[in-house]
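Take a look at the structure below.
What follows draws every value from the coordinates through simple rules; no lab data is involved. Being a predicted model, the structure only gives us computed values, none of them experimental. Counting neighbours? That spans all protein chains shown, and the Cβs are built from the backbone with ideal geometry, glycine included.
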Ligand SMILES: *Cc1c(COP(=O)(O)O)cnc(C)c1O
């Protein structure tokens, strides 16, 4: 262990499928919102592992839950009852709907896969074969073949055709197109209330309400993909709660267990009975370790009111960014809610800004040529925002020189 960065890079280049464009940094330790690399350099983590590390790195309560569980029991299969899974399902139901039931998987893609299978089975049980699912252009729902088919990014489809049929994409916030697309053959509408991978685009209340009422009109199910926007990140526990709608199915994953792999799909009373014994399952899903970590994570979010902190500190972050936008012609737009934020540049400077931020010890995420995204831990403080903004402003200045 304790390899140097160039040794790790050498192994990676020889033995790892090259599916990721990696930054030449290897972190070895984390503490709260701080990360430390192989050289001992400290960074402010404004990314949280793509929105995963919601209660901060090395959180004592999550560590204790993992260690305690690891020392007791790791796996028995879903052929037997699993206490932390039952406990977690109750905690989640209490956040969304009474009578809601969960299924646990291991990732966001798998959670969405489960939601889409559930929607098909629901209509099948009602004696209907509904083949159409409406999704949003630009959306991201995962990398399995079905969730790739749901993902509204045609450039990602080409090498993997044939896709799973039945997906129809409508432009973001085009209420009329959505309304026209939903008909009696529609099984479900799937939406990210805030499109994350596309660059933090907020779906309007009007669009989400139209999705709800079109589904009601045609008997279709509304699925909210909260894999990125859930767990308090946007200043509500789930982003859909900002717009006064209630989906039938909600998926989550990224922030649910602070870094231990997990995915969850929760469905309301109307459709949660659709999947019965043998219809769906997972060897690892809902295991002891992941569910214990998730219970500790959710308890920490609730007890420390990190949802309010996401709203307060996120509001401060967005204010400060808008201030910077006012004095900096390179910033075209600041988008976001709570601690889910993107900076849209007027030019293709995101790579340079990203490098500049890393040099300043601020970890952010570049999306495409002209967007920087921030999804920091929900424990972020205003003083951290000031540090991040100083680094970012310098990085932008350096990028346009
Ligand atoms: C990340 C993400 C997924 C996929 O999650 P994985 O755990 O990578 O499979 C799905 N939907 C949204 C909105 C995401 O942000």
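For the pair residue 31 and residue 176, a Förster radius of 60 Å applied to the C-beta separation gives a FRET efficiency near 0.75, rounded to the nearest 0.05. Rounded to the nearest 10 degrees, the inclination of helix 350-359 to the longest alpha-carbon principal axis of the chain is 60 degrees.
Which value at 222 nm does the chain reach when only helices count, each DSSP H run of 4 or more adding -39,500 (n - 2.57), with the total divided by all residues and rounded to the nearest 500 deg cm²/dmol? Please list the in-between numbers first.
Values: 13 runs with 155 residues, N = 401.
Taken over the chain, the calculation gives -12000 deg cm²/dmol.
Remark on segment 198-303: hydrodynamic radius 15.3 angstrom, per the Kirkwood mean of 1/r across alpha carbon pairs. Dividing the convex hull volume of the alpha carbon atoms of segment 143-249 by its residue count gives 100 Å³ per residue. Extent along the principal axes, Cα only, for the chain: 63, 54, 44 Å, with the longest axis given first. By definition, a body whose alpha carbon gyration tensor gives a ≥ b ≥ c is oblate when a/c is 1.5 or more and a/b is not larger than b/c, and segment 43-103 fits this oblate description.
Extension gain for the segment residue 322 to residue 351, taken as residue separation times 0.36 nm less the Cα-Cα distance, is 8.4 nm to one decimal.
Each peptide in 135-144, 66-75 gets a packing score, the mean of other Cβ atoms within 10 Å over its residues, and the list from highest to lowest is 135-144, 66-75. Given their separation in residues at 0.36 nm each and the Cα-Cα distance between them, residue 14 and residue 183 gain 55.8 nm when the chain is fully extended.
Give the angle, between 0 and 90 degrees and rounded to the nearest 10, that separates the Cα long axis of helix 5-15 from the longest principal axis of the Cα atoms of the chain. Once rounded, the angle reads 40 degrees.
Based on C-alpha pairs under 8 angstrom that are at least 6 apart in sequence, segment 72-214 has a relative contact order of 21 percent.
Mind running the shape call on segment 198-260? Use the C-alpha gyration tensor, a ≥ b ≥ c as the square roots of the eigenvalues: rounded below 1.5 for a/c, prolate if a/b tops b/c, oblate otherwise. Display every interim value, and only then the final one.
Working: a/c = 2.37, a/b = 1.70, b/c = 1.39.
Prolate shape, in that a/c is at least 1.5 and a/b is the bigger ratio.
Here the extension length gained between residue 75 and residue 164 equals 28.8 nm, from 0.36 nm per residue of separation less the Cα-Cα distance.
Once the Cα atoms are used to define both axes, helix 60-70 deviates from the longest principal axis of the chain by about 60 degrees.
Put simply, when 342-350, 251-259 are sorted by average Cβ atoms within 10 angstrom per residue, most first, you get 251-259, 342-350.
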